[in-house]
Structure formats: C-alpha cells, structure tokens
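J.: Next up is a structure, given as structure tokens.
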Amino acid sequence: MRILGIETSCDETAAAVVEDGRLILSSVVSSQAAVHGPFGGVVPELASRHHIENICPVVAGAMAQAGMDYPALDAIAVTHGPGLVGSLLVGVQAAKGIAFVHRKPLVPVHHLAGHLQAPFLAPRAEVPLPAVALVVSGGHTSLFEVPAEGDFRLLGRTRDDAAGEAFDKVAKLLGLGYPGGPVIDRLAEGADDRAVEFTVARIKDGKADFSFSGIKTAVLHYVRREGIAPVADPAHVPRQVRDLVASFQRTVVSALVRRLRQAAESHRPASLLLTGGVAANRLLRRESARAADELGLPLFVPPIALSTDNAAMIAAAGTVGFRRGARAGWDLDAEPHLPLG
Ligand code: KG4
Ligand code: ZN
C-alpha cells in the first residue's frame, strides 16, 4: 500500500510517499525558516503564501523521488488540523485536487497523530505497545498513552506555551534568531547550566499537565535585571548568555522528563516514545534515554528529520487511518483547533 502524505500545518511545506506505513519511498520538506527568521516567529500570512508557491513543486518532487505515478497511489493523506488555518487550507485543497482528479480516497490526518506515528517508521524495529509518548513541538507539549497503533489517550498537556514556543521566545528575546531551539541546543553545549536557578510551575490538579509561560517570563525578568543586551553577532555570544540559555534548557528538559517518568510509572507501558521538533534537542534525548534505562523500557526517538515537521509521518498515520476506514469527503476543511485523544 502506497500513500502520498501532504503536510502544511505550520511553516514547512512537505510531501512524502510511504509504503505500508513503514517504508519511506520519498520525503521532501521545504522549510520557510529563512522567511520567518527576521520576525523571530512564524508570520501566518507569509506562511500561507509560501505554501501556495511551494506546494506543487514539493508534491511533484516527492512523486518523482519515489518514482511513482499518481494512478499507482492507494490514497492521499493530508493534515487537516490543528495548525494555522491559512496554511492548512493550502495542503487540504491540494490533496483534494489530486484525490479528485485521480479518483483516490482522501484520508484526514491529525498533525499530532502524525508526530506520534514517526517512531514507527523504518528503520525502527517494531515498537512494543502500549507506549507512553511525549510529543514536544513548537505548537504542542502533550503526553499520550498509545494502547494500539492509531489509538491515543491524552494524559496531559501544556496549559499555556508549548516547550518549543518557550525555546523560540527566549531565543527571540536574546536576539538569537528563529527557530530558537536548535540555536539554544548548540549554545548550551559546554555552558554552565547551573548558573541561573529557574523553576517550572508544578501543576497539582492536572496530574500530567505542563506550564512553560512562567519560565519564559522569568528569563525576561532576569535579562532586564542583569541588563543583558540582544546578541549582535551570532559568532560571538557572551558567556553569560550561553549560561543563561543552558540553565533555561536544563529546567525545561527536566520538567519534561519528570512528567514522562511519572506517566511511565503510573501507566506501566511496554515502551516510551519521544517525538516532535523539540525531540531533536540533545539534552532531552540524553535525559529521556537515561530515564528509559532506569525504568527498564525501550525508548523510540525518530531521527531528527522525522522529529520535526515532515510528511512521511502524515503518510504513515494516514496508512493507519486508511486501514481503519477513515475517509474525508470533498467538504474536508481546515480545523485549526482539532483535539486528539
Ligand atoms: O514539530 P515542529 O517542526 O513544528 C511544530 O509542529 O511546531 O517543531 C518546531 C519546534 C520549534 O519550536 C523549534 O525551536 C523546536 O521545535 N526545535 C528544538 C530543536 N530543534 C527544533 N527545540 C529544542 N532543541 C532543538 N534541537
Ligand atoms: Zn509538528
């Protein structure tokens, strides 16, 4: 079974062909990071316009890379939410057009179901289920229980900012550019992560919920108090800024790993999954691996190209949906606030 996946929920235009939900035949991602960089975050209208420019070459590229013709596809899977409405509409409409012309089934995919499917893509071994999964991206920070492939039960989520959003906002505040996660990851390596003591709010009633807006504000107050100026030259980042971002990163990562560990202890899964753009973070990978080791559980983390937004994960989740009979009609619309689990 070969499914074309299309993803345009944020600022990546992506298309991919996946066989049997496991084997990636092609995956093309056109990033708009350079477009949004100067603004320190995604500008929704610019994102939609760039998706419009990029969608046809990206889909054509994925089909060519896979050596496929449209008639050979079994279905078209597309992210219909959640995300930026104007961005989602471009992918949804492109998918509809292809499905309509080539008389193929159209399969709706939830963006987070895509991230949650990424650990199942080859060359991974089979993932033992049930799993506890942490999805951490620019738009989401959620813990799920995954009893079976394609089934998700929400255990907890952020009450305010997503972890990636906190990385991006702290980087913007310090003049470090967008996206902030990779820059902070790099600058923190070798810096003193105990230099500044930050805390992340512990939410008592919501069991596994997160909150990251407080630490962002704490960083802002620290920067003002210490009179830290935005970095002028990315090649020469002052020691004080490197220590600050390392301390911020350590605090965010330990809050994430603490919740992951607690969820594993109370739900006793057979494996742990870590996915989403922030799963690219090296400290988070190391600390999650350590926690998994101590819990005696296998940890599955997709390679970085499959952790950040891509369409292979959408095609893979679309395959699970397709097998279960999920179909969209021609009225499929963008759903900016679609819930999962
Ligand atoms: O999954 P993704 O590509 O898009 C969304 O669905 O949001 O995640 C993007 C987020 C951004 O906030 C970016 O700063 C963060 O992932 N990110 C990282 C790293 N690489 C990307 N955060 C921390 N460390 C990284 N190495
Ligand atoms: Zn994402």
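The values are calculated or read from the model by the stated rules, or taken from the named source; none is laboratory data. Remember, predicted model here, so these are calculated numbers, not experimental data. Note that each Cβ is placed from the backbone with ideal geometry, even for glycine, and that neighbours are counted across all protein chains shown.
J.: List the helices (runs of 4 or more DSSP H) that sit entirely inside the range 279-341 and contain at least 1 residues that are of a type in the set (Asp, Glu).
T.: Filter on the range 279-341 gives 282-295.
J.: Here's another thing I want to ask about it. Of the residues that sit in the range 124-182 and are within 15 Å of Ser307 (Cα to Cα) and part of a helix (DSSP H, G or I), which one is nearest to ligand 2 (Cβ to nearest atom)?
T.: For the range 124-182, the residue satisfying everything is Gly164.
J.: Still on this structure, I have one more. Residues that are modelled with pLDDT of 95 or more and surrounded by fewer than 22 Cβ atoms within 10 Å (Cβ to Cβ), at least 3 per element: which strands (runs of 3 or more DSSP E) completely within the range 1-95 meet that?
T.: Fully inside the range 1-95 and qualifying: 23-31.
J.: Considering only the range 150-185, how many residues are under 25 Å from Met313 (Cβ atoms) and among the charged types (D, E, K, R)?
T.: 7
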